Amino acid sequence: MSTDFSAAGPGRRAVLGWLGGAAVAGAVAPGQRALAAAGPPRTAQGRAVAPPDRALPALAAAGRQFLAGRLRHTTVLQSFVLDGRRGYVYALQVVAGGVRLPGERAAVSHAVRVRRGDLCLNRLALDGSPAGHMYLKGFGHGGSIGLEESWDGVTLWTEWDANPASGYGRGLCRFGFADGRVLSRTAPGLRTYRPLPGSTSNSPAVDPVYRRLLLRYKRRGVPHFALHDLDRFRAGVFRPLITFAQPGAHLGLPFQGMALYGASAYQLLGSAYGAGNPPSSGGNARLYRIDLRTGRAVWQQMDRTAPELSPREPEGLAVWRGGDGGVPRLCLGFTEGPAGARTFRLYEKALN
């Protein structure tokens with residue numbers, strides 16, 4: 001693990017305030033200690049959000065369903081992010097087989113779509129109704145998606161430049177949503193980033209409040225995380241604040257999503273019901289909270305949200321700041337329904 005907090009960006013003050021003065025005082029240079037006095041994060045109405053409780057009783061509870069929906073294609077949900085201010089969910093899935101996109105001579109099989117990294121980006125209203133879509137050709141598998149807010153809308157972050165050997169991205173990109181557009185990995189105007197040449201399985205999570213970006217990647221098959229200042233990353237300065245190996249990777253469970261808020265990251269591991277993971281077990285979905293000061297998991301447990309679903313594959317993790325007066329909530333996605341007719345459900349729970 002390596003750390004470097006000297007590359008402080010505009011959001012540094014807020015992050016250090018969230019960490020707490022006592023903890024930060026021993027971790028920063030004397031000239032930076034005044035930053036630790038910054039106040040805690042606040043809701044949209046200006047109420048202070050209390051620091052997380054170490055016991056995390058709310059995070060340990062089963063989630064409450066707040067959305068059930070169906071995506072444009074019959075393939076499964078891969079990841080999602082919420083725009084609470086405008087009332088949208090953005091969700092990624094691999095393009096289904098038998099679909100012919102504009103500019104293609106013939107329909108393409110699902111296996112080829114997976115290998116090429118062709119994705120459908122769905123936009124849905126918070127009642128689950130469709131509100132537009134895009135296609136992303138040659139981007140990756142859709143393991144995570146980030147959202148950055150700006151005065152004129154939102155910018156979406158996804159993996160980019162799919163590795164032909166795996167279908168997973170070798171870099172990141174950002175773009176604005178344009179309903180109906182087919183965006184190729186070489187499209188003019190697409191802002192692309194290759195922070196770790198030679199890596200694969202790149203995927204982003206963005207904390208729009210504290211201006212941080214969390215990159216997950218693999219090198220030599222080993223998954224890692226790297227936390228970046230968002231504005232420096234946008235400018236092409238790839239100097240992480242901390243890098244660390246992915247906690248829980250030794251379990252061999254599929255990685256199913258990540259989220260970022262303040263001094264903590266969250267990750268979701270697990271698989272659908274099947275051999276070795278029967279419905280009677282309640283599932284193997286495992287939720288983690290990671291301290292971004294150390295890169296260590298400070299809390300984890302089997303998540304028992306919606307054990308009645310079938311096949312109950314965990315798919316996606318996000319922080320939602322749109323409900324309950326803007327207080328942040330952690331949201332989990334699960335698939336439901338038979339192959340060829342998959343739907344999904346989203347659940348939320350308190351972070352504290």
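The values are calculated or read from the model by the stated rules, or taken from the named source; none is laboratory data. What you see is a predicted model, and the numbers here were worked out from it, not measured in a lab. In this analysis, Cβ positions are derived from the backbone assuming ideal geometry, glycine residues included, and neighbour counts consider all displayed protein chains.
Kindly list, by first and then second residue, each pair from a residue in region 182-207 that is within 14 Å of R219 (Cβ to Cβ) to a residue that is surrounded by 20 or more Cβ atoms within 10 Å (Cβ to Cβ) and of a type in the set (A, V, I, L, M), limited to pairs with Cβ atoms under 7 Å and residues at least 6 apart or on different chains. Every condition considered, the pairs that remain are P195/L215; N202/L172; N202/L215.
Of all positions in region 172-191, none carries a residue that is within 20 Å of L330 (Cβ to Cβ) and not aromatic (F, W, Y). The requirement of being assigned to a strand (DSSP E or B), of a type in the set (S, T, Y) and under 22 Å from G142 (Cα atoms) is fulfilled somewhere in region 279-288, by at least one residue. The lone criterion from (1) touching a Gly at 6+ places or on another chain (Cβ under 8 Å); (2) farther than 14 Å from N202 by Cβ; (3) in contact (Cβ under 8 Å) with a residue 60 or more places away in the chain left unmet by H141 is number (2).
In region 285-337, which residue that is in contact with a Ser or Thr (Cβ under 7 Å, 6 or more places away or on another chain) and farther than 21 Å from G69 by Cα is surrounded by the most Cβ atoms within 10 Å (Cβ to Cβ)? Filtering first and then ranking leaves I290. Restricting attention to region 304-332 and to residues that are out of contact with any Leu (no Cβ under 8 Å at 6 or more places or on another chain) and among the small types (G, A, S), the residue that is modelled with the lowest pLDDT turns out to be G323. Taking first residues from region 52-73 that are charged (D, E, K, R) and partners that are at pLDDT below 85, the Cβ contacts under 7 Å between residues at least 6 apart in sequence or on separate chains come to D53/N352.
Quick grid of which residues meet (1) more than 16 Å from G252 (Cα to Cα); (2) of a type in the set (K, R); (3) in a strand (DSSP E or B):
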residue	(1), (2), (3)
W299	yes, no, yes
A306	yes, no, no
E313	no, no, yes
C331	yes, no, yes
A339	yes, no, no
F344	yes, no, yes
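Pairing residues of region 307-322 that are hydroxyl-bearing (S, T, Y) with residues that are in a strand (DSSP E or B), at Cβ distances under 8 Å and at least 6 apart in sequence or on separate chains, gives S310/E336. Taking (1) under 17 Å from L214 (Cβ atoms); (2) touching a helix residue (DSSP H, G or I) at 6+ places or on another chain (Cβ under 6 Å) in turn, Y273 satisfies each apart from (1). Outside any helix (DSSP H, G or I), more than 14 Å from the chain's Cα centre (by Cα) and over 23 Å from L214 (Cβ atoms): does that describe T294? Here the answer is no, as T294 does not meet what is asked. Quick check on my filter: what residues within region 214-237 are of a type in the set (A, V, I, L, M, F, W, C) and closer than 26 Å to H250 by Cβ? Across region 214-237, the qualifying residues are L214, L215, V222, F225, A226, L227. Whenever a residue of region 209-237 is over 18 Å from M258 (Cα atoms), its partners that are aliphatic (A, V, I, L, M) and buried (at least 22 other Cβ atoms within 10 Å of the Cβ), lying with C-beta atoms within less than 7 angstrom and at least six residues away or across chains, give the pairs F233/L213.
If you check A178 against the conditions, is it modelled with pLDDT of 95 or more and within 20 Å of C120 (Cβ to Cβ)? Explain how you work it out, then say what you get.
Numbers: modelled with pLDDT of 95 or more: yes; within 20 Å of C120 (Cβ to Cβ): yes.
When the stated conditions are applied, A178 passes them.
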